1. Between residues in the range 47-66 that are of a type in the set (Val, Ile, Thr) and residues that are open to solvent by 80 Å² or more (accessible area, probe 1.4 Å), which pairs lie under 7 Å by C-beta distance while being six or more apart or on different chains?
2. Of all residues being assigned to a loop (DSSP other than H, G, I, E, B), open to solvent by 60 Å² or more (accessible area, probe 1.4 Å) and touching a strand residue (DSSP E or B) at 6+ places or on another chain (Cβ under 8 Å) in the range 42-70, which is modelled with the lowest pLDDT? Just the residue, please.
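The values are calculated or read from the model by the stated rules, or taken from the named source; none is laboratory data. Since this is a predicted model, take the numbers as computed values, not measurements. Here Cβ is always computed from backbone atoms with ideal geometry, including for glycine, and neighbour counts include all displayed protein chains. Accessible surface is based on the protein model in full, side chains and every heavy atom, while ligands, DNA and RNA are left aside. Shrake-Rupley method; radii C 1.70, N 1.55, O 1.52, S 1.80 Å.
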Amino acid sequence: MGGEKLIVETCRVIVNPTASNGRTGRIWPDLRHRLEAQAGSMEARLTQAAGDAEQWTREALLAGCGHIIS
């Protein structure tokens, strides 16, 4: 992506901060910054309990969200 910014409606990002022995949580701030720079507006949620990702994905789909990153 050579400096071009993707134009997409708000996407949902679901993050498990404990994945990869906590590495995902450690790199999330930088990753979020990079995603926002490329994709623009996004809603991010960090899971805290089993089932969070499934519930939030279901809610996003029912709301008509076209882009979900998990």
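1. As it stands, the answer is 57/70, since those pairs meet every condition given.
2. 67
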